[in-house]
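**Q** One structure is given below, represented as structure tokens, and several questions about it will come after.
The values are calculated or read from the model by the stated rules, or taken from the named source; none is laboratory data. Given the structure is predicted, the values throughout are model-derived calculations rather than measurements. Heads up, the Cβs are rebuilt from the backbone with ideal geometry, glycines too, and the neighbour counts pull from every protein chain shown.
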């Protein structure tokens, strides 16, 4: 039997691109057993030839249009990062009926409706397992393994940098800025860490997860998002005191007539499996209506884990191409015509418990002032804690509330922050202790 | 557009069968969105009509041959348990080109080669996600999401009963027999708990996992197996003292020219994520050569989680039937013609650290006798611990070894157990502290 070959065009040869190249070469026999095809990289589009050390130079080109137009190539693997060329290259490939594999969370989160429609019209596929959770096969789990479930809720630790920083702050009682600097020095955080610590990276990934959980396209600008830069060692200590751990989470929940999608640091109970996900590890916890609680855990970033996901997508596409299978359902597991845009519920509708940190001047009647306003806004206090040592300047007052509505919290804090004993904007951390 | 329907024949209406019925009815709209088909149960084969309360009696039959022969039915769901009729019914369905979904670990573990060949010849499929890990989508993760990886090692906590018993013994310092009785009273353990506590259930599941990890059929009789009935509260206490937790594991590891498949209780480091998998929860930890370490965690048994897996298989088959896709790769993710039978490595070749519990009369020279034999068999001692209190009768002597070979351990213990100060057969627990 003559060997058949699936030819790949690779766009981008950075950390992930070169790991994909290594995987395809070092696991050649395995991929053959898994697809009955030879998987072969035919061309690599990369401007920076210094990355091409040890690789056949003839594979390289700087012309991604030529790759999209090459009739031998049936799968285009886009690993160029969040740039206009990446979107353009995917459009080109799909328009010509070439299937696409991408790790590009930003472009999928923003352009999924257009790209899926392009794939459907041209009878090809676009897969993006690597866009969320690196080597953790989370998208496939939602699309296939848990397909029979309504996903009641999903909590994701899906940004390695913020989890590394919070884990380190928790383990060492260290300050945010100090840990961030250390993480940058070690290469765990980018020189410009904005997207990681502000939550933007989590927003993109949550938009994709929401699509696979509920079959809804979410506008990333409508996902509520708060970062971790305001978290103090004191917050972590107070969390610990009351049995919580602080984690940066992407959260989506399904209700009868609406769904939530929000990104923020949250306190979770220390006995929640997510509380033990440390450092650069990622995890996705889900509650399906029949599967019950489950968690997928693994390495969320890095060349090799991301390549694992990219090549698993290649394997799936190669199997389908080989058997000329018709694509009946797109990349979400939901029938294409049932996918539609939808807005997540307004954060002001959130009902949960809150941790509130006030920064106040140490004067009489401060607590009376705070508690009166909270009470008037239907916010009931579970614990109130005032740090013992009196200082010249501001002291923190900590409140753990019973379940309250975000709208009431906001209106109470607006009122309190206008009071003259408040020295800086009050900070809140939402508490997640229900499935 | 007229609604198309995929008709299901359900064999068995016990805990899982009735949960499948409930799921298909309560998530009807979701399944429609996931398949573009109506999924409908056309017939149910069940002898015990007392189970049929609240279900249309006309659906019921006692004739599984009629279900296999019904031309409307395209998927037969076998949930009869490990009985000859179940195997016969699957053979019948596959022979007629009907795809099969089953939760039957024993039959898949023992008859996979025959059943896969039957499916291939008749251009249909057999899926069995529910056979391992209940609601955890572990088989799909191995078949699809991690398809690009060589699975270097896999550790599974895949029997809820034994994990419940060991968790309870650990949390409460309780005795095996007492916890077993309690588990039986609560319904967590069967009246005849043999298969769960002896390891047979884990052997079946490990045979299936091994097939999906390495593409090899393993004879279940060639999988080394030890149960948990010999574990004492003392063993758990000693494990804890040295930073370990005892878990019942199914283990498979890949080496250059061989692979391991073994089932036994083992000590694992307390910082291993598996150590925090308690009670009836299951978890599968894997190390892929590119994905790195990961873990899948969730509910391993019960009607609803198992139904979640069964119906996810139904969704996949319904998608394929609808689009008349050709089956290019069977249920393992490996190309059919590359699957072959293989023997796991002999347990005598195992190199690991061991916990050894001797039961000795408290006499002089006992330790000298034991240590001399261990030394002569190349077994080096890491810790030796003799319980302080002297008693009239036997006292335990505990040894933690450095890495040793199982063959040497066996030959040393044979020699030691023949000595006159030994009061009962020496017990060992293998230590797993490497990925």
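**Q** What tally of residues in the stretch A:282-311 results from selecting those that are touching a strand residue (DSSP E or B) at 6+ places or on another chain (Cβ under 9 Å) and within 7 Å of chain B (Cβ to nearest Cβ)?
**A** 14
**Q** Tally up the residues in the stretch B:382-407 that are part of a strand (DSSP E or B) and in contact (Cβ under 8 Å) with a residue 40 or more places away in the chain, please.
**A** 10
**Q** I've got another one for you. Scan the stretch B:6-22 and tell me whether some residue there is within 12 Å of another protein chain (Cβ to nearest Cβ), within 24 Å of residue B:323 (Cα to Cα) and surrounded by fewer than 20 Cβ atoms within 10 Å (Cβ to Cβ).
**A** Checked against the condition, which is being within 12 Å of another protein chain (Cβ to nearest Cβ), within 24 Å of residue B:323 (Cα to Cα) and surrounded by fewer than 20 Cβ atoms within 10 Å (Cβ to Cβ), the stretch B:6-22 yields no hits at all.
**Q** Of all residues in the stretch A:408-425, which are assigned to a loop (DSSP other than H, G, I, E, B) and within 12 Å of residue A:359 (Cβ to Cβ)? Working first, answer last.
**A** As a first pass, look at the stretch A:408-425 and keep what is assigned to a loop (DSSP other than H, G, I, E, B): A:418-421.
Within the stretch A:408-425, A:419, A:421 qualify.
**Q** Another question about this same structure. Quick one: residue B:229 ticks every box in (1) out of contact with any strand residue (DSSP E or B) (no Cβ under 6 Å at 6 or more places or on another chain); (2) assigned to a strand (DSSP E or B) except a single one, so which number is it?
**A** Here residue B:229 meets the rest and fails (2).
**Q** Let me ask something else about it. Determine if the stretch A:50-72 includes at least one residue that is buried (at least 23 other Cβ atoms within 10 Å of the Cβ), within 14 Å of another protein chain (Cβ to nearest Cβ) and touching a strand residue (DSSP E or B) at 6+ places or on another chain (Cβ under 8 Å). Walk me through it before giving the result.
**A** We begin by selecting, within the stretch A:50-72, every residue buried (at least 23 other Cβ atoms within 10 Å of the Cβ); these are A:64, A:67-68.
From what is left, the residues that are within 14 Å of another protein chain (Cβ to nearest Cβ) are none.
No: the stretch A:50-72 contains no residue that is buried (at least 23 other Cβ atoms within 10 Å of the Cβ), within 14 Å of another protein chain (Cβ to nearest Cβ) and touching a strand residue (DSSP E or B) at 6+ places or on another chain (Cβ under 8 Å).
**Q** How many of the residues in the stretch A:248-293 are assigned to a strand (DSSP E or B) and touching a residue at least 24 places away in the same chain (Cβ under 8 Å)?
**A** Looking only at the stretch A:248-293, we keep the residues that are assigned to a strand (DSSP E or B), and these are A:248-254, A:259-269, A:281-288, A:292-293.
From what's left, touching a residue at least 24 places away in the same chain (Cβ under 8 Å): A:248-254, A:259-269, A:281-288, A:293.
Number of matching residues: 27.
**Q** Also: Residue check: is residue B:134 within 14 Å of chain A (Cβ to nearest Cβ), free of Cβ contacts under 8 Å to residues at least 12 places away in the same chain and either touching a helix residue (DSSP H, G or I) at 6+ places or on another chain (Cβ under 9 Å) or closer than 18 Å to residue B:210 by Cα (or both)? Give the steps one after another, and end with the answer.
**A** On the way: within 14 Å of chain A (Cβ to nearest Cβ): yes; free of Cβ contacts under 8 Å to residues at least 12 places away in the same chain: no; either touching a helix residue (DSSP H, G or I) at 6+ places or on another chain (Cβ under 9 Å) or closer than 18 Å to residue B:210 by Cα (or both): yes.
In short, no.
**Q** Taking residue A:205, is it in contact with a helix residue (DSSP H, G or I) (Cβ under 9 Å, 6 or more places away or on another chain), buried (at least 21 other Cβ atoms within 10 Å of the Cβ), on the phi < 0 side of the Ramachandran plot and not in a strand (DSSP E or B)? So that I can check it myself, show each step before the final result.
**A** Working: in contact with a helix residue (DSSP H, G or I) (Cβ under 9 Å, 6 or more places away or on another chain): yes; buried (at least 21 other Cβ atoms within 10 Å of the Cβ): yes; on the phi < 0 side of the Ramachandran plot: yes; not in a strand (DSSP E or B): yes.
Criteria met by residue A:205.
**Q** Pull up the stretch A:113-131, narrow it to residues that are within 12 Å of another protein chain (Cβ to nearest Cβ) and not in a helix (DSSP H, G or I), then point me to the one that is nearest to the chain's Cα centre (by Cα). So that I can check it myself, show each step before the final result.
**A** Looking only at the stretch A:113-131, we keep the residues that are within 12 Å of another protein chain (Cβ to nearest Cβ), and these are A:123, A:127, A:129-130.
From what's left, not in a helix (DSSP H, G or I): A:123, A:127.
Numbers: A:123: 29, A:127: 16 Å.
Once the filter is applied, the top-ranked residue is A:127.
**Q** Search the stretch A:338-351 for residues being touching a strand residue (DSSP E or B) at 6+ places or on another chain (Cβ under 8 Å) and farther than 15 Å from residue A:224 by Cα, and hand back the single one that is surrounded by the most Cβ atoms within 10 Å (Cβ to Cβ).
**A** Residues of the stretch A:338-351 touching a strand residue (DSSP E or B) at 6+ places or on another chain (Cβ under 8 Å): A:339-342, A:344-345, A:347-351.
Among the residues that remain, those that are also farther than 15 Å from residue A:224 by Cα are: A:339-341.
Working: A:339: 20, A:340: 10, A:341: 11.
Among residues in the stretch A:338-351 that are touching a strand residue (DSSP E or B) at 6+ places or on another chain (Cβ under 8 Å) and farther than 15 Å from residue A:224 by Cα, the one surrounded by the most Cβ atoms within 10 Å (Cβ to Cβ) is A:339.
**Q** If you don't mind, there's one more thing I want to ask. Could you go through the stretch B:356-371 and let me know if any residue there is closer than 30 Å to residue A:36 by Cα, touching a strand residue (DSSP E or B) at 6+ places or on another chain (Cβ under 6 Å), modelled with pLDDT of 95 or more and assigned to a strand (DSSP E or B). Can you show your working first?
**A** Pass one, the stretch B:356-371, residues closer than 30 Å to residue A:36 by Cα: none.
Checked against the condition, which is being closer than 30 Å to residue A:36 by Cα, touching a strand residue (DSSP E or B) at 6+ places or on another chain (Cβ under 6 Å), modelled with pLDDT of 95 or more and assigned to a strand (DSSP E or B), the stretch B:356-371 yields no hits at all.
**Q** Okay, next question. Could we say that residue B:195 is free of Cβ contacts under 8 Å to residues at least 24 places away in the same chain, more than 14 Å from chain A (Cβ to nearest Cβ) and either surrounded by fewer than 22 Cβ atoms within 10 Å (Cβ to Cβ) or out of contact with any helix residue (DSSP H, G or I) (no Cβ under 9 Å at 6 or more places or on another chain) (or both) here?
**A** yes
**Q** Any idea which of (1) modelled with pLDDT under 95; (2) on the phi < 0 side of the Ramachandran plot is the one residue A:152 doesn't satisfy?
**A** Only one criterion in (1) modelled with pLDDT under 95; (2) on the phi < 0 side of the Ramachandran plot is unmet by residue A:152, namely (1).
**Q** Sticking with this one: Do you know which residues across the stretch B:32-49 are more than 13 Å from residue B:70 (Cβ to Cβ), surrounded by 23 or more Cβ atoms within 10 Å (Cβ to Cβ) and more than 14 Å from chain A (Cβ to nearest Cβ)? Talk me through it step by step, then tell me what you get.
**A** Residues of the stretch B:32-49 that are more than 13 Å from residue B:70 (Cβ to Cβ), as a first pass: B:32-39, B:46-49.
Remaining after also requiring surrounded by 23 or more Cβ atoms within 10 Å (Cβ to Cβ): B:34-35, B:39, B:46.
Once the filter is applied, which keeps residues that are more than 13 Å from residue B:70 (Cβ to Cβ), surrounded by 23 or more Cβ atoms within 10 Å (Cβ to Cβ) and more than 14 Å from chain A (Cβ to nearest Cβ), the stretch B:32-49 yields only B:46.
**Q** List pairs: first in the stretch A:323-338 and more than 7 Å from chain B (Cβ to nearest Cβ) and at pLDDT 75 or above, second assigned to a loop (DSSP other than H, G, I, E, B) and buried (at least 17 other Cβ atoms within 10 Å of the Cβ), Cβ under 8 Å, 6+ apart or cross-chain?
**A** Going by the 8 Å Cβ cut-off, the qualifying pairs are A:331/A:125; A:331/A:128; A:332/A:215; A:332/A:339; A:336/A:329; A:336/A:330.
**Q** Condition first: farther than 18 Å from residue A:150 by Cβ, without any contact (Cβ under 8 Å) to a residue 24 or more places away in the chain and in a helix (DSSP H, G or I). Now tell me which residues in the stretch B:20-54 satisfy that.
**A** Correct list: B:49, B:50.
**Q** Here's another thing I want to ask about it. Name, by its number, the condition in (1) crowded, with 19+ Cβ neighbours inside 10 Å; (2) in contact (Cβ under 8 Å) with a residue 40 or more places away in the chain; (3) touching a strand residue (DSSP E or B) at 6+ places or on another chain (Cβ under 6 Å) that does not hold for residue B:379.
**A** (2)
**Q** Also, quick follow-up: Do the conditions hold for residue A:28, that is, is it within 12 Å of chain B (Cβ to nearest Cβ), in contact with a strand residue (DSSP E or B) (Cβ under 8 Å, 6 or more places away or on another chain) and modelled with pLDDT of 95 or more?
**A** Answer is yes for this residue.
**Q** For the stretch B:243-272, which positions are under 27 Å from residue A:30 (Cβ atoms) and touching a helix residue (DSSP H, G or I) at 6+ places or on another chain (Cβ under 7 Å)?
**A** Those that are under 27 Å from residue A:30 (Cβ atoms) and touching a helix residue (DSSP H, G or I) at 6+ places or on another chain (Cβ under 7 Å): B:250, B:252, B:254, B:259, B:261, B:262, B:263.
**Q** Scanning for something touching a helix residue (DSSP H, G or I) at 6+ places or on another chain (Cβ under 8 Å) and farther than 21 Å from residue B:237 by Cβ, does the stretch B:357-370 turn up at least one residue?
**A** Step one: list which residues in the stretch B:357-370 are touching a helix residue (DSSP H, G or I) at 6+ places or on another chain (Cβ under 8 Å), which gives B:357-358, B:360, B:369-370.
With farther than 21 Å from residue B:237 by Cβ added as a condition, the list becomes B:369.
The answer is yes; a qualifying residue exists.
**Q** Going by the conditions given, is residue B:415 farther than 16 Å from residue B:234 by Cα, out of contact with any strand residue (DSSP E or B) (no Cβ under 8 Å at 6 or more places or on another chain) and modelled with pLDDT under 95?
**A** Numbers: farther than 16 Å from residue B:234 by Cα: yes; out of contact with any strand residue (DSSP E or B) (no Cβ under 8 Å at 6 or more places or on another chain): yes; modelled with pLDDT under 95: no.
Spelling it out, it is not the case that residue B:415 is farther than 16 Å from residue B:234 by Cα, out of contact with any strand residue (DSSP E or B) (no Cβ under 8 Å at 6 or more places or on another chain) and modelled with pLDDT under 95.
**Q** Okay, next question. Just a yes or no: is a residue in the stretch A:212-231 more than 30 Å from residue A:332 (Cβ to Cβ), at pLDDT 95 or above, surrounded by fewer than 17 Cβ atoms within 10 Å (Cβ to Cβ) and in the same structural domain as residue A:279 (by TED's automatic domain parsing)? Can you show your working first?
**A** Step one: list which residues in the stretch A:212-231 are more than 30 Å from residue A:332 (Cβ to Cβ), which gives A:229-231.
Subset that is at pLDDT 95 or above: A:229-231.
Next, only the ones that are surrounded by fewer than 17 Cβ atoms within 10 Å (Cβ to Cβ) stay: A:229-230.
Cutting the leftovers down to in the same structural domain as residue A:279 (by TED's automatic domain parsing) gives us A:229-230.
Scanning the stretch A:212-231, I find at least one residue that is more than 30 Å from residue A:332 (Cβ to Cβ), at pLDDT 95 or above, surrounded by fewer than 17 Cβ atoms within 10 Å (Cβ to Cβ) and in the same structural domain as residue A:279 (by TED's automatic domain parsing), so the answer is yes.
**Q** Determine, yes or no, whether residue B:298 is within 30 Å of residue B:4 (Cα to Cα) and either outside the structural domain of residue B:210 (by TED's automatic domain parsing) or surrounded by 24 or more Cβ atoms within 10 Å (Cβ to Cβ) (or both). Steps first, please.
**A** Working: within 30 Å of residue B:4 (Cα to Cα): no; either outside the structural domain of residue B:210 (by TED's automatic domain parsing) or surrounded by 24 or more Cβ atoms within 10 Å (Cβ to Cβ) (or both): yes.
Judged against the criteria, residue B:298 is not a match.
**Q** For the stretch B:137-163, what are the residues that are closer than 21 Å to residue B:201 by Cα and either part of a strand (DSSP E or B) or away from every other protein chain (no Cβ under 12 Å) (or both)?
**A** Hits for the stretch B:137-163 are B:153, B:154, B:155, B:156, B:157, B:158, B:159, B:160, B:161, B:162, B:163.
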